[in-house]
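Have a look at the structure below before the remarks.
The values are calculated or read from the model by the stated rules, or taken from the named source; none is laboratory data. As the structure is a prediction and not an experimental result, all values here were calculated from the model. Counting neighbours? That spans all protein chains shown, and the Cβs are built from the backbone with ideal geometry, glycine included. Note: areas computed on protein heavy atoms with side chains; ligands, DNA, RNA excluded. Shrake-Rupley method; radii C 1.70, N 1.55, O 1.52, S 1.80 Å.
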Amino acid sequence: MYVAVKGGEKAIRNAHRLMATKRRGDRSVPGLTLDQIAGQLAIAVTRVMGEGSLYDEGLAALAIKQARGDLIEAVFLLRAYRTTLPRFGYSEPVDTGAMLVERRISATFKDLPGGQLLGPTFDYTHRLLDFKLAADGELDTPLTAEVTETAMPRVTDLLSGEGLIEEDVQPEETAAVGDLTREPLSFPAGRDLRLQNLARGDEGFLLALAYSTQRGYGRTHPFAGEIRYGAVEVEFFAEELGFAVPLGRINVTECQMVNQFKGSAKVPPQFTRGYGLVFGQVERKAMSMAMVDRSLRCEELGEERTAPAQDEEFVMSHSDNVQATGFVEHLKLPHYVDFQAELDLVRRMRGEWFDRQAADQAAASDAIGSGATDTSEKEAAE
Amino acid sequence: MPHQAPPPSASPDTSNEPRRRLMAALANATPDRLAAALAPFAPLPAHEMVRAPETGLVMVRGRMGGTGAPFNLGEVTVTRCVVRLENGVAGSSYVMGRSKQKALHAALVDALWQNPALTEAVEREIIAPLASEAEAADATVRAETAATKVDFFTMVRGDD
Amino acid sequence: MTARLLSAAALSPGFSDPVHQGQQVFRSVMMALARPGRLTAIEAAGIQPPAPLTPALAAMALALADYDTPLWLDPALARSDAVGQFLKFHTGASVMTSPLEATFALVSDARTLPALSSFALGTLEYPDRSTTLLIGVDSFTGGKAVTLTGPGIETTQPLRVSPVPVTFWDQAEDNTRLFPRGVDMVFAAGNEIVGLPRSTSITRSEA
C-alpha cells in the first residue's frame, strides 16, 4: 500500500546542496572537465553509454561527473535524459565486417587473414599498480607498423561453407524487429529482444551469469572465436532524401563465441554460436553477452533448460540495472504506514502466541496435578 | 502498436554516392572543424529554415551473429536540419551528436554543393580537406594497430 | 513507404523553434484535455501548412505526432500530396489507411467525421492504445448546446461545437460509456482548442 507523506522539503534541499559540495571535493584541486572524463575514463564512459543505451560521450561524461562516479546512477541519468528526445527512426544495421579495427583477436584460429591485433588492451599486463602513472610522467608515443592486410573477414565467415559451424539465419526483409523501448517485455521473447536486453544489461550481472555457465550451471563449452573492437559507420535511411545518410561513426565491441554442440535429431554435430555486440570497448561485457545469448538459445537447439542463464524470463527480468536499483533502492523511501501495519500485526500475533503458550502451560500443569493420564495415552498410541 | 518494417536499403542506384560521400565527410568532422572549413564561403548564404536544427535519437541496429537478422543495439543522439536557399535549393543534414551549429553548417554545405556553379569549389575547399584528414586519422589508427600484430613462431621440438 | 520522394525544396517550414513551440502546444492540448469544454488558446502563428490543413491542426500534429505514432487523415487531407509530405517530413509519422491503426487522427472537415467506434478504442489492459482525434471545426458558438460534467470540471461546463455530424453527440455519449476505453477528442477553431476526453459525461441541453 502506498500512502503519501509530506514534509522534509527543506531537509531534501539542504541535503542536495551538501551533496553538491561533497561532489566537488577539495576546491583547491581543479575540477574535472567532461573532456578529461571522456578521454581518460573512456571505459567508464562507454559502459554508461552501453547500459544507458545511448551513445553520446559528452552526456555520459556529464552523467558520471554528476553521479560522482556511481556508474549505475549515471546510467539512470542517461536513461532519463533520452526520454526527452524524439525518435527519428532506426539505423541501417551496422556492418561490423567493415569495421575500422583497433583490436581483433581469436582464441581459436592462430593464422586468420588480417592477423591477431592486440590493440589497446589490459591483457598480458601484470596487474601491478603503476606508480609512474600517479605522477603523470612522460608518455611514449605508440609505435606504428606498415599495414599489410586491411581486409578483416569475421572468423565465423571463414568457417562457413563446410557446415562445421552454424550460419546466421537470413531474415525476411519485412520482418518486424522488436524494440524494448517501445513495447513492454513479454515472454517468450525472440532473439532480437534478448540481444537488445543483453546489450543494455548490467555488466556485472551478465558476467556472473556467463561465469555460472562455465562452472556447470548450463554448460555451453565456449571458445572466443573472435573479439573485435573499432569504429563502424552508422547510416540512416532518410525518406526525404531517398538514400541512407552516413551519420558518423561509433565504436563497438563484437564477440563471436563458438560453442561445441553434440547435435540433435534434426541437426548434425556442429559448432553453434553466441553473439555479443556492445557500445565502446567493453570486452568483458561483449563476451558475457555472447555466452548468455548462447545459453538462452537452449530451447531452439533442443537442450534441456536447467540453469538460471538458460531461463530467459529470469535473465531478461533482472538484467536491467536501472529497474533493479529502482526496486531495491525504493526500500529506502518512507514505508512508515506499511511498517506500522506490520508492527500491529506482529504485536497481535505475539500476543496470541503468548496466550497460547500460557494456556498450554496451564493445561500441562493441570494434567500433572490430575495424574498420569498423559503417559497412558502415549502408551496406547504405541 | 506494431512496429514498422525497417525502411528498404538505399537502392543500388549509385547516383547518390557523391552526396553520400559529402555527407560522410561532414558528419565525421568536429563542429569547430566544420565551421572553419566553411569560412572561405563567408558570409553564409541567406537561407530559410525548413527544419530548424533539432536533436533526437536514432536507434542503432546490429545483426545477430554479424550477418543475420537485425536487432536493436541502443540509441545515438543525432541532430538534423533542412535549409532552403534563396534559389530554392534545399540542403539537408543528419549528423551524430547534439551540435545544432554543426547540423546547420552541414545543411548549408549540402545546399551550396547542389549549386552546379559551386560544386567544384565545395568539393575542393571543404570536402577534399575533411576527407583527407579523416583518411589520415584512419591510417594512423591502422598503423598503430598494425604495430600490435602478433607474429607467431613455432617452437621446434627436439628430435631425440 | 511513400512511393514518391519527398521534395524538401517544396516544403513549408514547421516550427521555427521545435522544442519550445512543441512544448507550448503540448501544454495547450494538455490543459484543454484537463479542463474539458473550456476554450484554450493555441500558439500556431508562423506555421503555414498546405491547405486544407489549418495552422492549429498542423501545430498539434507537429507537437504530438512522431515516428512512433501512426496518423490517419480524413479524405480531404488525404487527397492532398502536399499535406502528406508536410506531415511526413516534419513528424516522421506514417500515414495509415485504416483509422483503427492510428494513434492520432487529423480531421479537417468535421462533417465527414467517421463513426467514433471506427477508431482504435484501446483495450481494457492498455486503454492508452487508442486514437486521439484532432478535429477542425468552424466555431464554438454554433450548433447544439451540451453540458459537460466529470473530472476537470468543477460543476458543469457548457459546450457548443459546429459543425459535427448529426449523430455525433449520440456517439460521444457511447464513447463515454466505454470508459476506460474510448477515444479522446480535441476540437480546433481558429487559434482556440477544446478538449473532450472519454472521461467527460455529456448531457444534451434540449433547446
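With the charge dipole of chain A set up from +1 on Lys and Arg Cβ and -1 on Asp and Glu Cβ about the Cα centre, the Cα lying farthest toward the positive end among the listed residues A:ALA151, A:ASN251, A:LEU343 is that of A:LEU343.
Taking max minus min of the alpha-carbon positions on each principal axis, chain A gives extents of 104, 68, 53 Å, largest first.
Overall, the anisotropy analysis places segment A:188-347 in the oblate class: the square-rooted eigenvalues a ≥ b ≥ c of its C-alpha gyration tensor yield a/c not less than 1.5, with a/b not exceeding b/c.
Packing around the peptides A:147-154, A:245-252, taken as the average count of other Cβ atoms within 10 Å per residue, puts them in this order, highest first: A:245-252, A:147-154.
For segment A:278-315, a decrease in accessible area of 40 Å² or greater in the assembled protein chains relative to the isolated chain, with a 1.4 Å probe, applies to A:PHE279. Given +1 at the Cβ of Lys and Arg, -1 at the Cβ of Asp and Glu and no other charges, the dipole of chain A around its Cα centre is 1480 debye to the nearest 20. Ordering C:THR147, C:TRP72, B:ALA146 by the projection of their Cα atoms onto the charge dipole of the protein assembly as shown, which places +1 on the Cβ of Lys and Arg and -1 on the Cβ of Asp and Glu, puts C:THR147 at the extreme positive end. Given segment B:75-160 reduced to its alpha-carbon atoms as identical point scatterers, what log10 I(q)/I(0) does the Debye formula return at q = 0.10, 0.16 Å⁻¹? Per q value, in the given order, log10 I(q)/I(0) is -0.45, -0.80.
Counts of other chain beta carbons within 10 angstrom of each beta carbon in peptide B:42-51 average 3. Cα centroids of segment C:153-186 and segment A:230-275: 51 Å apart.
Can you pull a Stokes-Einstein diffusion coefficient for segment A:142-186 at 25 °C (0.890 mPa s), Rh from Kirkwood over Cα pairs, as a whole number of µm²/s? Rounded, D is 159 µm²/s. Per-residue surface analysis assigns A:HIS16 an accessible area of about 110 Å², computed on protein heavy atoms at 1.4 Å probe radius.
Ratio of segment A:202-276's C-alpha Rg to 2.2 N^0.38 Å, to two decimals? Cα-based Rg divided by the globular estimate yields 1.61. Looking at the protein assembly as shown, the pairs of alpha carbons with a distance over 50 Å make up 29% of the total. Near B:LEU112, once Lys and Arg are set to +1 and Asp and Glu to -1 for all other residues with Cβ below 14 Å from its Cβ, the sum equals -2. The calculated FRET efficiency for A:VAL147 paired with A:ALA265, based on their beta-carbon distance and R0 = 35 Å, is about 0.15.
Ranked from largest to smallest solvent-accessible area, with a 1.4 Å probe on the protein heavy atoms, A:ASP202, A:ASP311 come out as A:ASP311, A:ASP202. Going 7 Å from the Cα of A:ARG68 in the Cα-to-Cβ direction, what parts of segment A:20-52 have a backbone nitrogen less than 13 Å from that spot? Under cut-off, by backbone N: A:20-26.
Computed from backbone phi, the HN-Hα couplings of segment B:75-88 come to 9, 10, 7, 9, 10, 10, 7, 10, 10, 10, 7, 5, 7, x Hz, rounded to whole numbers (Karplus: 6.51 cos²θ - 1.76 cosθ + 1.60, θ = phi - 60°; Gly and Pro given as x). When only alpha carbons of segment C:2-204 are considered, Rg and Dmax amount to 16.1, 52 Å. Relative contact order, whole percent, for chain B stands at 20, derived from Cα pairs under 8 Å and 6 or more residues apart. In the calculated pair-distance distribution of segment C:8-65, the portion above 15 angstrom amounts to 48 percent of the Cα-Cα pairs.
When the pairs A:LYS22/A:LYS332; A:LYS132/B:LYS149; A:LYS110/A:LYS266; A:LYS285/B:LYS100 are compared against a 29 Å limit on Cα-Cα distance, A:LYS110/A:LYS266; A:LYS285/B:LYS100 fall above it. For segment B:67-104, the residues whose backbone nitrogen is under 11 Å from a point 7 Å from the Cα of B:LEU118, taken along Cα to Cβ, are B:84-91. Solvent-accessible area of A:LEU18, all protein chains in place: 100 Å² (probe radius 1.4 Å, heavy atoms, ligands and nucleic acids excluded). Computed from the C-alpha gyration tensor, the three semi-axes of the ellipsoid equivalent to segment B:31-80 are 35, 15, 9 Å, from longest to shortest. Relative contact order of segment C:2-204: what whole-number percent is it, with Cα pairs under 8 angstrom and at least 6 residues apart? For segment C:2-204, the relative contact order is 23 percent. Evaluating 6.51 cos²θ - 1.76 cosθ + 1.60 at θ = phi - 60° for every residue in segment B:25-31, the Karplus couplings come out as 5, 5, 5, 7, 7, 6, x Hz, glycine and proline recorded as x. Highest GNM mean-square fluctuation among A:ALA175, A:ALA38, A:ALA60, for chain A modelled with Cα contacts below 10 Å: A:ALA175.
Here the Karplus relation 6.51 cos²θ - 1.76 cosθ + 1.60, evaluated at θ = phi - 60°, turns the backbone of segment C:109-123 into coupling constants of 10, 4, 5, 9, 4, x, 3, 4, 6, 7, 8, 5, 9, x, 10 Hz, with x for every Gly and Pro. Using a Förster distance of 56 Å, how high is the FRET efficiency between A:LEU133 and B:ALA39, based on the Cβ-Cβ distance and rounded to 0.05? Taking R0 as 56 Å, the efficiency between A:LEU133 and B:ALA39 is 0.90. Compared with the dominant Cα axis of chain C, that is its longest principal axis, helix C:168-177 is turned about 80°. Take the alpha carbon gyration tensor of segment A:26-67, find the square roots of its eigenvalues, order them as a ≥ b ≥ c, and report rounded if a/c is under 1.5; if not, report prolate when a/b exceeds b/c, else oblate. Prolate, since a/c reaches 1.5 and a/b exceeds b/c. Dividing the summed helix terms, -39500 (n - 2.57) for each DSSP H run of n ≥ 4, by the number of residues in the protein assembly as shown produces a 222 nm estimate of -11000 deg cm²/dmol to the nearest 500.
How high is the FRET efficiency between C:ASN191 and A:HIS16 when r is their beta carbon distance and R₀ equals 41 Å, given to the nearest 0.05?
Numbers: r = 41 Å, r/R0 = 1.00.
After rounding, the FRET efficiency stands at 0.50.
Shielding by partners for peptide A:226-238, expressed as the average number of C-beta atoms from other protein chains within 10 Å of each residue's C-beta, is 4. The calculated Kirkwood hydrodynamic radius for segment A:11-83 is 12.6 Å, given to one decimal from all distinct C-alpha pairs. Once the gyration tensor of the Cα atoms in chain B is diagonalised, the equivalent ellipsoid follows with semi-axes of 39, 24, 15 Å, ordered largest first. Along its three principal directions, the equivalent ellipsoid of segment C:1-101 from the Cα gyration tensor extends over semi-axes of 23, 16, 12 Å, largest first. Take A:PHE354: with every protein chain present and a 1.4 Å probe, its accessible area is about 100 Å².
Among C:PHE104, C:PHE26, A:PHE327, the sequence by solvent-accessible area, most first, with a 1.4 Å probe is A:PHE327, C:PHE26, C:PHE104.
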